[in-house]
Amino acid sequence: MHVIIIIMRMVMMAVPIEGGETGRAFFVFGDSLVDSGNNNYLPTTARADTLPYGVDYPTHHPTGRFSNGFNLPDLISQRIGSEAALPYLSPEMRGQNLLLGANFASAGVGILKDTGIQFEGILRIYQQFALFQQYQERLGFEVGAAEAERIVNGSLVLITLGSNDFVNNYFYPPNSARSLQFTIPKFCSYVISEYRKILMRLYELGGRKVLVTGTGPLGCIPSQLAERSINGECVAQIQEASQIFNQLLIKMTTELNNQLTSPVFIVVNAFRINMEFINHPQRFGFVSSKIACCGQGRFNGIGGCTSFSSLCSNRDLYVFWDSFHPSQHAWEILANYIFNGTTNYMSPMNLTTILAMDSNFYK
């Protein structure tokens, strides 16, 4: 706790922001799929701060991203012409960097409060929101309340949650409390009802263009293949849960958009996009959609990615970087779907269309 207090004092250091209009701010919330390094500053085992994480990042050093290189927030930032938003807990999150936005994501978190309890010390989603409120106060101090509100309302927001509620909660071996409490359909409905509250809170905090990523095909990730698959087939029960969750997510966000009379929430059908990789890896330049690039055991899906792990020589040939997370190349393809995908993949429309329609978009 003492360490966190010291870190937050560093974060709160104010440096005056001088002149110049910046591009669109970008805010990120969620789990390890989008964490850019917050967990480096937290007392948790859920971290990616050692090689070979970051082996393909420009510095070739680990950054806290659960990737061999860039992750999804990085690639979206590049597409919208902005510098990548820093992890909010970074000591560099001050001065001019505040104008870029901030990444509040923390590996291990979920939609439910009891998800990820095994990791400890992580920023649960409502803690991320509390830091977002703190960020807005700091930004208002630097540029004035009206300008801070304009920056936040005109921003792009990404939120990625849900995967941990299944792989690190409901399906967490051997038998989780949630799996004894709910059937799969009822659990999915419960999680979506809680997610609705989270998304509405994000709207209350100023989010007006929010990318919401659904879960990928969780039954096909190397960790689940290693634990539950016999011959490398995707795990049917977990696939069913992923599909139900994603269908309910689209339905729920459609209802919210109708209620708000604006396409605030844009759903990325990560399940459908990733199934393209799984079913047709060669079409996208992959040699494997089952074996992780970095890991050990069956499908390199046992345990984490460490300096002792088996490591592939060409990361671009693998859909999965480690037992849970996509490779940078897979993220690049998914980012392309986000910007250019049809309504089969993006609901209600892709990000390029949304930004073109958005009268608040500024350069």
**Request:** Just report the Cα centroid separation between the range 249-268 and the range 167-227, whole Å.
**Result:** 18
**Complete:** Rounded to the nearest 500, the 222 nm mean residue ellipticity computed for the chain from DSSP H runs (n ≥ 4, each -39500 (n - 2.57)) alone is -11500 deg cm²/dmol
**Request:** Rank-order 198-204, 48-54 by packing density, defined as the average count of other C-beta atoms within 10 Å over each peptide's residues, highest first.
**Result:** 48-54, 198-204
**Message:** If each residue of separation counts as 0.36 nm, what is the full-extension length gain between ILE302 and ILE117 once their alpha-carbon separation is subtracted?
**Reply:** 64.6 nm
**Message:** As a test question: what accessible area, to the nearest 10 Å², does TYR126 have when a 1.4 Å probe is rolled over all protein chains in place?
**Reply:** 100
**Prompt:** How much of the accessible area of the range 26-360, in percent, comes from carbon and sulfur atoms when a 1.4 Å probe is used?
**Reply:** 53
**Prompt:** Taking Cα atoms, how many degrees apart are the long axis of helix 328-340 and the longest axis of the chain, rounded to 10 and kept between 0 and 90?
**Reply:** 60
**Prompt:** Just how many pairs of Lys in the chain have C-alpha atoms closer than 26 Å, counting pairs that are eight or more places apart or on different chains?
**Reply:** 10
**Request:** Over the range 171-272, average the accessible area per residue using a 1.4 Å probe and give it in Å², no decimals.
**Result:** 42
**Spin-label model distance (nm) - ASN340 vs VAL287, 7 Å beyond Cα toward Cβ** = 2.6
**Prompt:** Using 17 Å as the cut-off for backbone N distance, which residues of the range 96-120 belong to the label zone defined by a point 7 Å from the Cα of LYS197 along Cα→Cβ?
**Reply:** 110-116
**Item:** Gain on full stretching of the segment that runs from THR261 to GLN247 - 0.36 nm per residue minus C-alpha separation
**Value:** 2.9 nm
**Item:** Cβ-based charge dipole, the chain, positive-most Cα from GLN96, TYR172, PRO263
**Value:** TYR172
**Request:** Give me D for the chain in µm² s⁻¹, whole number, from Stokes-Einstein with Rh from the Kirkwood sum over alpha-carbon pairs, 10 °C and 1.306 mPa s.
**Result:** 77
**Item:** Taking the chain and dividing mean pair separation by its residue count, relative contact order in percent (alpha carbons under 8 Å, at least six apart)
**Value:** 16
**Prompt:** What Cys residues in the chain are without a partner cysteine, judged by a Cβ distance under 4.7 Å?
**Reply:** CYS188
**Message:** Just to verify a number: FRET efficiency for SER310 and ALA356, C-beta to C-beta distance, R0 = 41 Å, to 0.05?
**Reply:** 0.35
**Fill in**
Longest principal axis of the chain (C-alpha) makes with the long axis of helix 125-143 (C-alpha) an angle, in degrees to the nearest 10, of 30
**Item:** Stretchable slack from GLU240 to GLN127, in nm (0.36 nm times residue separation minus alpha-carbon distance)
**Value:** 37.6 nm
**Message:** Nothing charged except the Cβ atoms of Lys and Arg (+1) and of Asp and Glu (-1): what's the magnitude of the dipole of the chain about its Cα centre? Round to the nearest 20 debye.
**Reply:** 500
**Asked** Which angle from 0 to 90°, rounded to the nearest 10, does the C-alpha axis of helix 184-204 make with the longest principal axis of the chain?
**Response** 10
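The values are calculated or read from the model by the stated rules, or taken from the named source; none is laboratory data. Because the structure is a prediction, the values reported are computed rather than measured. So basically every Cβ, Gly included, is an ideal-geometry build from the backbone, and we count neighbours across all protein chains shown. The protein model used for the area step is the full one, side chains on, heavy atoms only, and it has no ligands, DNA or RNA in it. Shrake-Rupley method; radii C 1.70, N 1.55, O 1.52, S 1.80 Å.
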